[in-house]
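Reviewing the structure listed below.
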Amino acid sequence: MRWRSLPVVLALAACATPVPTPPPLGFDLGAYYAATEAEVRAQGGMRTEYEPADASFTKEDLARDFMRIALFDEYQTVNGRYLAGESPSNLRRFERPIRVRVVNGGSTPEADAQHNATAVSHYTRRLGRITGLDMRIANDGERANMVVFFLNHDEQPRVARQLGRYVAAPPPEVTDAFANSPVDLLCGAFSLSDARTPDSYRASVILIKSEHSPAQREACVQEEMAQALGLTNDSPEARPSLFNDDGEFAALTRHDELLLRMLYDPRLHSGMSPAEVRPLLAGIIEDIW
C-alpha cells in the first residue's frame, strides 16, 4: 500500500479487519474494540498457528502472493489524504540498518507499556533473523528510524504535531493520518523515502491504538512492522497469512516468513519493476523452500 508524494514517498499498511459500525463520539473505545475482537474470534479469526494443517500453499501460490503483496499499492494520496485504490508499484524495502523505538502514550498503564515494549523487542529480533537486516532496538540517545507508537484516541492529535521529533520531515499526509485516524482503522504503518531514492525506505512510523487488548496489540505489532519493511499490500488469496484483510490470522506464519525472506533476498533490490521481479521468483523460492 504505497503513495508517491514528492519530495517523499509514503507507504501505508493498515489493518482493516472487518469491524462493527464505528461507535458514536464519546463511546468507550475499549469496549468497542473488545466487541470487534470477539466478533472476529467468533468467525474463526485471530489464529496464531505458524503452519496450520488446514491452510497449505504451493510454491506457485507463494509467487502469486508476493507479486500482489510486495508489488502493488493499496492506497493513493489524493488531496493530502489516503484513499483506497490499488495499482502496480516497484519493489520497495529498507537498504539501511533499522533502529526501532517504542513510544507509549502518557495514559498507558505501566503493565501495558512493558507488554508493548517486550512484544516489539522480541519481534524486532525475529524480523532481523528472517530478513538478514541489521535491525535492533535503538539505544538510549540513538536516533531511531522505525518508531512504534501506542496511543489512545485523545493522544493521537498531540503526537501528530510532534512527529518531527521522532522522524525527519514527516509529510502532511502522515501527520493528518495520525491526527485523524478513523476509529475503525485498528492500526497502520507509514514508510517514508526521499525523492532521490524513492524506492528505498529511510524511516517508518507505526500507529497502534492502545485501547486494544494485549492480543490485538500484538497482532498489530506483527502485521504492521512486517508491512513497514515493504510487504505493504494485502491479498484475499494469501493464506495462511497476516496480509489478508479477512482477519483469520493474527501472527506471522511460515508463508509470511517466506515472503519476507523473498523481499530481502540479495537477488532483488529496491526499484525493481514487477516485470523484473517475476522471472526471479521461482529460483528464489526453490532455494528458501
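The values are calculated or read from the model by the stated rules, or taken from the named source; none is laboratory data. As the structure is a computational prediction, the values presented were derived from the model and not from experiment. Here the Cβ is made from the backbone with ideal geometry for all residues, glycine too, and neighbour counts use every protein chain on show.
One table, with the values for the structure above:
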quantity: Selection within region 168-182 - small (G, A, S) and surrounded by fewer than 20 Cβ atoms within 10 Å (Cβ to Cβ); calculated: A168, A169, A179
quantity: Some residue of region 183-190 being at pLDDT 95 or above, touching a Leu at 6+ places or on another chain (Cβ under 9 Å), surrounded by 24 or more Cβ atoms within 10 Å (Cβ to Cβ) and among the aromatic types (F, W, Y); calculated: no
quantity: Residue satisfying condition, being in a loop (DSSP other than H, G, I, E, B) and at pLDDT 95 or above, within set E276, E237, E286; calculated: E237
quantity: F190 vs. criteria within 15 Å of the chain's Cα centre (by Cα), within 26 Å of A35 (Cβ to Cβ) and among the aromatic types (F, W, Y); calculated: no
quantity: Conditions (1) at pLDDT 95 or above; (2) closer than 24 Å to E218 by Cβ: number failed by V174; calculated: (1)
quantity: Test for R165: is it touching a Lys or Arg at 6+ places or on another chain (Cβ under 8 Å), surrounded by fewer than 20 Cβ atoms within 10 Å (Cβ to Cβ) and modelled with pLDDT of 95 or more; calculated: no
quantity: Filter result for the condition that a residue is surrounded by fewer than 23 Cβ atoms within 10 Å (Cβ to Cβ) and free of Cβ contacts under 8 Å to residues at least 40 places away in the same chain, over D256, D265, D246; calculated: D265
